[in-house]
Each structure stands twice: as C-alpha cells, then as structure tokens.
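The values are calculated or read from the model by the stated rules, or taken from the named source; none is laboratory data. Computed from a prediction, not measured in an experiment: that's the story for all the values here. Because the Cβ atoms are built from the backbone with ideal geometry, glycine has one as well, and the counts that use them run over all protein chains shown.
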Amino acid sequence: AKKIKQTHWMYYSTSMAESWNRRLRLEKELLPALQAGHLLPHYQPELDTVVQQVVSLEVLARWFHPTLGFISPQEFIPIAEESAQLQALTEGLIQHALKDFIYWQHHCGYRGMLSINVTSQLVSEDSFCEFLVKIKKECGVADGLLELELTENMQLFESPFIQQKLRLLQENGFRIAIDDFGSGYSNFSYISEFPIDKIKIDKSFIDYIGESEKGEAVLDSLVLLSLRLGIDLVAEGVETEAQVHYLQLRECMLMQGYYFSKPIPAEEATTFLQRLLVN
Ligand code: C2E
Ligand code: CA
Ligand code: CA
Ligand code: CA
C-alpha cells in the first residue's frame, strides 16, 4: 500500500511540475510570440441579420505555438494578466488589428466596428487609456467605430473610478460593450446609469432556446429591456437556424456565432467582407 501511495504522489507531483513548467514557458514566450507573429488577432463577425451586414469584427487572440500547437486564449490571457503582460499584449494586438481594420475600410468598403476585449483592470490604467486615445487619433479612426468589450463583474459595476474611465473613453469616441451579459454579476439596476452602448448576451441564454422555457423567459425579458433602454443587443454563440428565427421574432437582430462564422484569420475576414459586398 505504501508503494502505491508513493507512486500516486510522484504522479501528481510530476504533472504539477509539468503544468508549472508549461506556465513559466508560456509566460516567457508570450511577448516574443507576438513579435514573431505566432500570437495574432483572429476576427469573428457580428451581423445585422436584417440587412445582412457586418456590424462589427471582434478581435480574438490566437496563439499558434511552433512546438506546443494551438494555445487557447482561455489559457494564455490569465497568464498574461497574472504576469503583468496583458497591457503589452493587448496593445500589440490592437496595433495589429487596426492595420487590418483600416485595410478593410479602404479595400472592402467596410463601415462596421472593431471590437476589442479588455479587462476592467486594464481600463483603469491611465497609460492604457492614453494608448487607446492616442492610437485612435494616429490612425484617424472616426468616433463610434472602436468598441471595448468588458466582461461583467462586481468590480466593473461598483467602482466609480472605472465608470469615470469608461465615460472618458466614451467622450473620446470609444463605445463600451458589456460581454457575457447575464452570466455573472447580474444586477440589472445598474445598466440604466452605467455608460453602456451595447450588451452581448451570454451564450448560455442562447442555449436555452428550445431547451428551457424559464431560460427563454429570462432571455425574452433581457431583449425587451435592451430595446426599451435603447442599448444595442447582440446574441452571442448563435449556432442553429432555430435560434436565429427565435431571436429575429423577438427583434433581436444582431447576432454572432458559429452559425454565421467562427473566428477567422484576417485574410478570410477580407473574403467574408467582399462576399457580402457583391451579394
Ligand atoms: P468572449 O469574448 O466571450 O468570446 C467568445 C468566445 O466564444 C470565443 O472563444 C469564440 O470563439 C467563442 N464562440 C463564438 N461563437 C461561438 C459559438 O457559436 N459556439 C461556441 N461554442 N463558441 C463560440 P475564444 O476565442 O476561445 O475566447 C475565449 C475568451 O478569451 C473570450 O471570450 C475572451 O474573454 C477571452 N479573449 C480572447 N481574446 C482576448 C483578448 O485579446 N483580450 C482579452 N482580454 N481577452 C480575450
Ligand atoms: Ca468578447
Ligand atoms: Ca462573450
Ligand atoms: Ca466569454
């Protein structure tokens, strides 16, 4: 019995050491990967399903490691955050994405937005906000075309400091979107006072369609609420035609999800935009 115990202990300790080594390695290779072009933005369109146009392209970070293969942002974004590299990473991704965005404006007649995922921590950094305002000006991007997506959390809605930062960014022409809405800290009282241009309703609610009447009831009320408040509403994670029909019947016309497109590299996004132009 003693022997088995020891083997177990050795097994766990080896796998812990392995995951620790991987973490250290990713931490060290993150910014070099960005420089080398192994870590780069992909784009997932958000569509207005009535006029069949792309209203926004969301930047989603992708890391294709030469030896470790594909690494999910769910793994490396927290690592970047904990090692104080998320600002540098995000700024690098934005610089890259803005080049693509301007190309689409000039060559594909693209009139939609570029949406960028940020954390409330990042938005509370003066130097990050200054970066945003500066690069928008340098690139000559019109007001209302760059959007910041923030995941809802307690800190976000209860910190007057963050609210003030978001107002400042709005005054500088940025739009503010709340990501994964309904998934976490769901106190709806704030959304009438909070500086919000758009709500992205969490995929879990879309998954209720045709599956749970109670879930559908909550979804319906969120749609009504955003219509009444005049806040844009995007349904995320739309995968089926039944979901599209359900949402359209309730006048939720903005959608994103695998049904329309997965996150795709810049060249494919160019093709996607051009195909919509000819249609
Ligand atoms: P998110 O911002 O909520 O992005 C949506 C995630 O759902 C993406 O996963 C996307 O690929 C996936 N998705 C979209 N449509 C569908 C669908 O129809 N079905 C299913 N099953 N999934 C769908 P991804 O790219 O793995 O990103 C995961 C999360 O990582 C993002 O969630 C976001 O919170 C974070 N993330 C990604 N890139 C960045 C970034 O550059 N900065 C920050 N701060 N976070 C990022
Ligand atoms: Ca997002
Ligand atoms: Ca989301
Ligand atoms: Ca999410």
Review point. Among (1) within 16 Å of ligand 4 (Cβ to nearest atom); (2) out of contact with any Leu (no Cβ under 7 Å at 6 or more places or on another chain); (3) of a type in the set (A, V, I, L, M, F, W, C), where does L148 come up short?
Key: (2)
Check your understanding: Filtering segment 87-118 down to residues that are under 14 Å from H42 (Cα atoms) and among the β-branched types (V, I, T), which residue is nearest to ligand 4 (Cβ to nearest atom)?
Key -> I116
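Kindly indicate whether I102 is surrounded by 15 or more Cβ atoms within 10 Å (Cβ to Cβ) and either aromatic (F, W, Y) or not in a strand (DSSP E or B) (or both). Before the answer, list the steps.
Details: surrounded by 15 or more Cβ atoms within 10 Å (Cβ to Cβ): yes; either aromatic (F, W, Y) or not in a strand (DSSP E or B) (or both): yes.
Yes; evaluated as a whole, the condition is true for this residue.
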Review point. Of all strands (runs of 3 or more DSSP E) completely enclosed by segment 15-84, which ones contain at least 2 residues that are under 19 Å from the mean Cα position of the chain (by Cα) and closer than 30 Å to R111 by Cβ?
Key: 39-48, 53-65
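Specify the residue that is modelled with the highest pLDDT; the eligible residues are those in segment 160-200 that are aromatic (F, W, Y) and away from ligand 2 (no atom under 16 Å from the Cβ). Before you say what the answer is, go through the steps one by one.
Kept after step one, since they are aromatic (F, W, Y), are these residues of segment 160-200: 161, 174, 181, 185, 188, 190, 194.
Within this subset, residues satisfying the condition of being away from ligand 2 (no atom under 16 Å from the Cβ) are 161, 185, 188, 190, 194.
Working: F161: 89, Y185: 65, F188: 70, Y190: 73, F194: 80.
Only one residue tops the list, namely F161.
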**Study point:** From Q121, Q52, Q95, residue being of a type in the set (S, T, N, Q), touching a Leu at 6+ places or on another chain (Cβ under 7 Å) and in contact (Cβ under 8 Å) with a residue 40 or more places away in the chain
**Key:** Q52
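Would you mind finding the one in I231, I209, I176 that is touching a Pro at 6+ places or on another chain (Cβ under 9 Å) and free of Cβ contacts under 8 Å to residues at least 60 places away in the same chain? Quick ask: steps written out before the conclusion?
On the way: I231 fails: touching a Pro at 6+ places or on another chain (Cβ under 9 Å); I209 fails: touching a Pro at 6+ places or on another chain (Cβ under 9 Å).
After applying the criteria, what remains is I176.
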Check your understanding: When both residues are 6+ apart or on different chains and their Cβ atoms are under 6 Å apart, which pairs have a first residue that lies in segment 250-261 and is surrounded by fewer than 21 Cβ atoms within 10 Å (Cβ to Cβ), and a second that is at pLDDT below 95 and part of a loop (DSSP other than H, G, I, E, B)?
Key -> M253/V50
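Go through segment 114-143 and report how many residues are among the hydrophobic types (A, V, I, L, M, F, W, C) and under 19 Å from R167 (Cβ atoms). Walk me through it before giving the result.
Looking only at segment 114-143, we keep the residues that are among the hydrophobic types (A, V, I, L, M, F, W, C), and these are 114, 116, 118, 122-123, 128-129, 131-133, 135, 139, 141-142.
Cutting the leftovers down to under 19 Å from R167 (Cβ atoms) gives us 116, 118, 122-123, 128-129, 131-133.
Selection size over segment 114-143: 9.
Out of segment 252-279, which residues are in a helix (DSSP H, G or I) and at pLDDT below 95? Can you show your working first?
So in segment 252-279, the residues in a helix (DSSP H, G or I) come out as 266-278.
Q274, R275, L276, L277, V278, listed by residue number.
Taking the residues in segment 85-94 that are of a type in the set (A, V, I, L, M) and over 17 Å from D179 (Cβ atoms) as candidates, determine which candidate is farthest from the chain's Cα centre (by Cα). Don't jump to the end; show me each part of the working.
Filtering segment 85-94 for residues of a type in the set (A, V, I, L, M) gives 86, 88-89, 93-94.
So of that shortlist, the ones also over 17 Å from D179 (Cβ atoms) come out as 88-89.
On the way: A88: 17, L89: 14 Å.
The residue in question is A88.
Just one of V238, V244 is farther than 28 Å from E138 by Cβ, part of a helix (DSSP H, G or I) and within 13 Å of ligand 1 (Cβ to nearest atom); which is it? First the steps, then the outcome.
Working: V238 fails: part of a helix (DSSP H, G or I).
Result of the check over V238, V244: V244.
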Review point. From V141, V123, which residue is touching a Cys at 6+ places or on another chain (Cβ under 8 Å) and away from ligand 4 (no atom under 16 Å from the Cβ)?
Key: V123
Review point. Within segment 209-222, can one find any residue that is more than 23 Å from F174 (Cα to Cα) and among the β-branched types (V, I, T)?
Key: yes
